[in-house]
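Please read the structure below before turning to the comments.
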Amino acid sequence: MLANPLFYRPPPDLLTGGGEQSLGIFLISHDIHDVYDLSDRFSVLKNGRNVGTVGRDHVTKDELLGMVIMGNQPAALADRAAPAG
């Protein structure tokens, strides 16, 4: 585990896969802008509870902040959890 892992920013192709193979990175950071820009999926834990996992295409930065700060589920997760009918 690194403190402030984005202090040194690795080459962009390392973080985006840069080729045929995909690369999984477990990134923990307090800088929501870097996390949002570098990630394609987010899992948020708050007070030991899983708030949810959502793809970047289904959540805005503001919704992601709501997950982190308030423990709110974004609309994409709320829609999936709503009962059919």
Has segment 43-60 got any residue that is modelled with pLDDT of 90 or more, under 15 Å from the mean Cα position of the chain (by Cα) and among the acidic types (Asp, Glu)? yes
Six or more apart or on different chains, Cβ atoms under 6 Å: show the pairs whose first residue is in segment 40-61 and over 17 Å from GLY24 (Cα atoms) and whose second is surrounded by 13 or more Cβ atoms within 10 Å (Cβ to Cβ) and not aliphatic (A, V, I, L, M). LYS46/GLY71; VAL51/GLY71; GLY52/GLN73; VAL59/PRO74; LYS61/TYR36
Output the residue which, of all residues in segment 25-46 that are among the hydrophobic types (A, V, I, L, M, F, W, C) and in contact with a strand residue (DSSP E or B) (Cβ under 9 Å, 6 or more places away or on another chain), is surrounded by the fewest Cβ atoms within 10 Å (Cβ to Cβ). LEU45
Can you tell me which residue is modelled with the highest pLDDT among those in segment 61-85 that are out of contact with any Lys or Arg (no Cβ under 8 Å at 6 or more places or on another chain), surrounded by 14 or more Cβ atoms within 10 Å (Cβ to Cβ) and of a type in the set (Gly, Ala, Ser)? GLY66
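The values are calculated or read from the model by the stated rules, or taken from the named source; none is laboratory data. Remember, predicted model here, so these are calculated numbers, not experimental data. Note: ideal-geometry Cβ built from the backbone for every residue, glycine included; neighbour counts use all protein chains shown.
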